[in-house]
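Here is the structure we will look at, set down as structure tokens.
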Amino acid sequence: MSTQTIELSQPIPLVVSPKSAYLMCSPRLYDVTYVINPWMTDNLHATSRQRALAQWQRLYNALEEIAEIQLIDPQPGSPDMVFTANAGLERDGIVVLSHFFHPERQAEEPYFKQWFQLFGYAVIEVPRETPFEGEGDALFSAAGSRLWAGYGMRTAKESHRYLERAWNVETVSLHLVDPRFYHLDTCFAPLSNGYVMYYPVAFDAVSIAQIENFYPSHKRIIVSEADATRFACNAINIDRTVLINNVSRELSERLNAVGFKVVSLDLSEFLKAGGAAKCLVMKLSKSNPNLAG
Ligand code: ARG
């Protein structure tokens, strides 16, 4: 047996990872088995599990280079669990858990709850009568001073007050009016350095005014319908990097011109269920002491 002694006279420095952290779920059990948004119509069982796994793995690999990834196990009977953005919204170790609008996704809730509790997050639940679909419908501005919260399709406007209270953060409600863009993260993406990328047609006039009041015109990147329907706004942004489904050359160049590096991915299998890059991840704060790194 080794008698090696370990010198502990110096405090061990805390290894603080500079990386962002994200929660993902393998598409091992991914499928389109019901229709709860217009993208799923005509796509029942039309996805290829093999292609989905390959596309997801490429996203995982690209993200892993710049961020830390945590995984939750997929569960039988919950084919949409791969879209972890809908698990809840987290900041400073506090998670407001989702209560899904559609019964088809409600079976995911206890699994996500269990995961957050296991990793030491404080879990807040909104009343069942006021559905809330997590990061899919709630996005912090890049500097974190404001929470943008969507309603009108899945999330109930009344749930927004629980978000405001959870972090004592100014919360502005945005009304979604186009069923193709049924979650806020399908048509709106706050980006670093004060930029925002969005598809105005998805919002009512009051909401557009709220967005324009916050973001000056030179910081607004308005996407075309063609790019919006390629899920351009469903982008993962970490500092200067934007990970995104394949979009037009014009939009990539626009993003490059204002300093972003675009990582294009083919996420066609996930578009069949109404999701792309951003839907496949949920942001976790680095400050959670129970997360490795
Ligand atoms: N099929 C899923 C649903 O309709 C897709 C979720 C996409 N997630 C997102 N954050 N937009 O619920």
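The values are calculated or read from the model by the stated rules, or taken from the named source; none is laboratory data. Note that this is a predicted model, so its numbers are computed, not measured. Neighbour counts run over all protein chains shown; Cβ positions are idealised from the backbone, glycine included.
Name the residue that is surrounded by the fewest Cβ atoms within 10 Å (Cβ to Cβ), counting only residues in the range 100-111 that are not in a loop (DSSP other than H, G, I, E, B) and not aromatic (Phe, Trp, Tyr). Only one residue tops the list, namely 103.
Quick check on the range 90-99. Is at least one of its residues under 15 Å from residue 207 (Cβ atoms), of a type outside the set (Val, Ile, Thr) and buried (at least 22 other Cβ atoms within 10 Å of the Cβ)? Looking for residues that are under 15 Å from residue 207 (Cβ atoms), of a type outside the set (Val, Ile, Thr) and buried (at least 22 other Cβ atoms within 10 Å of the Cβ), one finds none in the range 90-99, hence no. A Cβ distance below 6 Å, combined with a sequence gap of six or more or placement on separate chains, defines the contacts here; from the range 26-38, residues that are more than 18 Å from residue 52 (Cα to Cα) and touching a residue at least 60 places away in the same chain (Cβ under 8 Å) reach residues that are assigned to a loop (DSSP other than H, G, I, E, B) and near the ligand (Cβ under 10 Å from one of its atoms) in the pairs 36/102; 37/182; 37/274. When restricted to residues that are surrounded by fewer than 24 Cβ atoms within 10 Å (Cβ to Cβ) and within 13 Å of the chain's Cα centre (by Cα), the range 236-253 contains 2. Applying a threshold of 8 Å to beta carbon distances and a minimum spacing of six or more residues, or different chains, the list of pairs starting in the range 221-237 at a residue that is free of Cβ contacts under 8 Å to residues at least 24 places away in the same chain and farther than 17 Å from residue 269 by Cα and ending at one that is away from the ligand (no atom under 13 Å from the Cβ) and not hydrophobic (A, V, I, L, M, F, W, C) reads 226/248.
For the range 112-166, filtered to residues that are polar (S, T, N, Q) and assigned to a helix (DSSP H, G or I), the residue that is farthest from residue 279 (Cα to Cα) is 117. Scanning the range 254-293 for residues that are within 17 Å of the chain's Cα centre (by Cα) and modelled with pLDDT under 95 yields a total of 2.
Suppose the filter is buried (at least 22 other Cβ atoms within 10 Å of the Cβ), closer than 20 Å to residue 186 by Cβ and free of Cβ contacts under 8 Å to residues at least 40 places away in the same chain; does residue 133 pass it?
Spelling it out, it is not the case that residue 133 is buried (at least 22 other Cβ atoms within 10 Å of the Cβ), closer than 20 Å to residue 186 by Cβ and free of Cβ contacts under 8 Å to residues at least 40 places away in the same chain.
When the range 150-171 is filtered for residues that are buried (at least 21 other Cβ atoms within 10 Å of the Cβ) and farther than 11 Å from residue 183 by Cβ, the ones remaining, listed by number, are 159, 160, 163.
Looking only at the range 103-118, decide whether some residue is within 15 Å of the ligand (Cβ to nearest atom), farther than 16 Å from residue 23 by Cβ, touching a Phe, Trp or Tyr at 6+ places or on another chain (Cβ under 8 Å) and of a type in the set (A, V, I, L, M). Checked the range 103-118: no residue is within 15 Å of the ligand (Cβ to nearest atom), farther than 16 Å from residue 23 by Cβ, touching a Phe, Trp or Tyr at 6+ places or on another chain (Cβ under 8 Å) and of a type in the set (A, V, I, L, M). The strands (runs of 3 or more DSSP E) found wholly in the range 190-285 and carrying at least 1 residues that are away from the ligand (no atom under 16 Å from the Cβ) occupy 195-198, 220-222, 236-238, 241-245, 261-265. Considering the range 34-90, and only residues there that are part of a loop (DSSP other than H, G, I, E, B) and among the aliphatic types (A, V, I, L, M), the residue that is farthest from the ligand (Cβ to nearest atom) turns out to be 66.
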